[in-house]
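Novice: Next up is a structure, given as structure tokens.
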Amino acid sequence: MSFFKKLKDKFTEQSDTVSEKFKEGLTKTRDSFSTKMNDLVKNYRKVDEEFFEELEELLISSDVGVVTVMDLIDVLKDEARRQNIKDTEKLQSVISEKLAEMLHKEDEDGALNIQKDGLTVILFVGVNGVGKTTTIGKLAHKLKQDGKKVLLAAGDTFRAGAIEQLDVWGERVGVDVIKHQAGSDPAAVVYDAIQSARSKGSDILLCDTAGRLQNKVNLMNELEKMKRVIQREVPDGPHEVLLVIDATTGQNAMSQAKQFGQATDVSGIVLTKLDGTAKGGIVLAIRHELDIPVKLVGLGEKMDDLQEFDPDTFVYGLFSSIIEEDEEE
């Protein structure tokens, strides 16, 4: 059974809204990718070196990343030889399978590290303008829908309007926000938020942080101070350090991920605005080259468009038009 058939059967069986959200959210990437892939298959009926060179260019233009593409091409060449695949159409299913394998990591759970007992503290990091505060609001909504009692900490005390923006999200979602005056010490905000979370019996504390990457040393010192305060009050915290990056910035997102990854212990990536780019291949580059799991993706503007990342669902969303054509034939 081809990997396309397995994906088709899996999502036909599930018939859930999540796979539809991925399908809809990846429309721009899929339309671009599928069109190029179909053109490539029509132009090159035979699997040869020239075909792989063109496939390499196609993947790089989709922001999959040069290192990831080179590794993927090597794997595909080996698989084509092993299975004796001569027809480019038959290789499409193998490409989707290998992409899914790249996104999966053995013995790794992509779910958020939510504690069964006690307070879960999640720290959000990332430069200004990537949708960090919006992501916190949407995740608060998602967790509240799951029956969790959530509290927000307005730890970005430097960006104009950041505290007010988080306040608006708190009101919209129906959760409390712990805040100090603009310009105050972010670590003090987090300390007060932890005390408040305990007194209110909160399950999860979501902490916003500043994102002034141009002032990198001060910013990273600030993050370290916040983490020390958290670890003093909640010894096994923070339970997640989520780096929020904007998918529409492509390779610049990779650069941000590398810089934050070097400066702080990032446990997962939140990729926002995936629906707004035709270069969703950045997911593969981040996953493969940085070895940091993508845990959440933003697939639209609505409150429930922040979704947990699932490799098979992503690949289905990326290849769904080709999969449907494959089933019709």
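The values are calculated or read from the model by the stated rules, or taken from the named source; none is laboratory data. Here the structure is a predicted model, which is why all the values come from computation and not from measurement. Using ideal geometry, Cβ is built from the backbone for each residue, glycine included, and neighbour counts are taken over all protein chains shown.
Novice: Hey, among Lys116, Lys105, Lys77, which residue is more than 23 Å from Gly261 (Cα to Cα), in contact (Cβ under 8 Å) with a residue 24 or more places away in the chain and out of contact with any Leu (no Cβ under 7 Å at 6 or more places or on another chain)?
Specialist: Lys77
Novice: Restricting to the stretch 286-315, name every residue that is under 15 Å from Thr27 (Cα atoms) and assigned to a helix (DSSP H, G or I).
Specialist: Once the filter is applied, which keeps residues that are under 15 Å from Thr27 (Cα atoms) and assigned to a helix (DSSP H, G or I), the stretch 286-315 yields Thr313, Phe314, Val315.
Novice: Determine which member of the set Arg82, Arg30 is surrounded by 18 or more Cβ atoms within 10 Å (Cβ to Cβ) and either out of contact with any strand residue (DSSP E or B) (no Cβ under 9 Å at 6 or more places or on another chain) or of a type in the set (Lys, Arg) (or both).
Specialist: It is Arg30.
Novice: Also, I was wondering about something else. Of the numbered conditions (1) under 27 Å from Glu308 (Cα atoms); (2) at pLDDT below 95; (3) surrounded by fewer than 19 Cβ atoms within 10 Å (Cβ to Cβ), Lys216 fails exactly one; give the number of that condition.
Specialist: (1)
Novice: Could you run through the stretch 273-293 and say how many residues are out of contact with any helix residue (DSSP H, G or I) (no Cβ under 6 Å at 6 or more places or on another chain), crowded, with 22+ Cβ neighbours inside 10 Å and either among the acidic types (Asp, Glu) or modelled with pLDDT of 90 or more (or both)?
Specialist: 0
Novice: Condition first: exposed (fewer than 14 other Cβ atoms within 10 Å of the Cβ) and under 19 Å from Val130 (Cα atoms). Now tell me which residues in the stretch 141-163 satisfy that.
Specialist: Hits for the stretch 141-163 are Ala160, Gly161.
Novice: Kindly indicate whether Gly110 is surrounded by fewer than 24 Cβ atoms within 10 Å (Cβ to Cβ), among the small types (Gly, Ala, Ser) and closer than 24 Å to Glu171 by Cβ.
Specialist: no
Novice: Evaluate the following for Val94: is it among the aliphatic types (A, V, I, L, M) and touching a Gly at 6+ places or on another chain (Cβ under 9 Å)?
Specialist: Spelling it out, it is not the case that Val94 is among the aliphatic types (A, V, I, L, M) and touching a Gly at 6+ places or on another chain (Cβ under 9 Å).
Novice: Restricting the search to the stretch 64-116, which residues are basic (Lys, Arg) and on the phi > 0 side of the Ramachandran plot?
Specialist: Filtering the stretch 64-116 for residues basic (Lys, Arg) gives 77, 81-82, 86, 90, 98, 105, 116.
None; the set is empty.
Novice: Of the conditions (1) of a type in the set (D, E, K, R); (2) closer than 15 Å to Val130 by Cα; (3) surrounded by fewer than 22 Cβ atoms within 10 Å (Cβ to Cβ), Asp246 clears all except one; give me its number.
Specialist: (3)
Novice: Then there's this: Just need a number here: residues in the stretch 182-194 that are in contact with a helix residue (DSSP H, G or I) (Cβ under 8 Å, 6 or more places away or on another chain) and crowded, with 21+ Cβ neighbours inside 10 Å.
Specialist: The total comes to 3.
Novice: It is to be established whether one or more residues within the stretch 223-246 are of a type in the set (A, V, I, L, M), at pLDDT below 90, assigned to a helix (DSSP H, G or I) and in contact with a helix residue (DSSP H, G or I) (Cβ under 7 Å, 6 or more places away or on another chain).
Specialist: no
Novice: Quick one: which residue in Ala197, Ala210 is crowded, with 19+ Cβ neighbours inside 10 Å and within 26 Å of the chain's Cα centre (by Cα)?
Specialist: After applying the criteria, what remains is Ala210.
Novice: Separate question: Whether any residue in the stretch 72-82 is modelled with pLDDT under 90 and acidic (Asp, Glu) is what I want to check.
Specialist: Within the stretch 72-82, none of the residues are modelled with pLDDT under 90 and acidic (Asp, Glu).
Novice: Specify which of the listed residues (Asp109, Asp185, Asp192) is at pLDDT below 95 and over 17 Å from Val297 (Cβ atoms).
Specialist: Asp185
Novice: Taking Asn218, is it without any contact (Cβ under 8 Å) to a residue 24 or more places away in the chain and farther than 24 Å from Cys207 by Cβ?
Specialist: In short, no.
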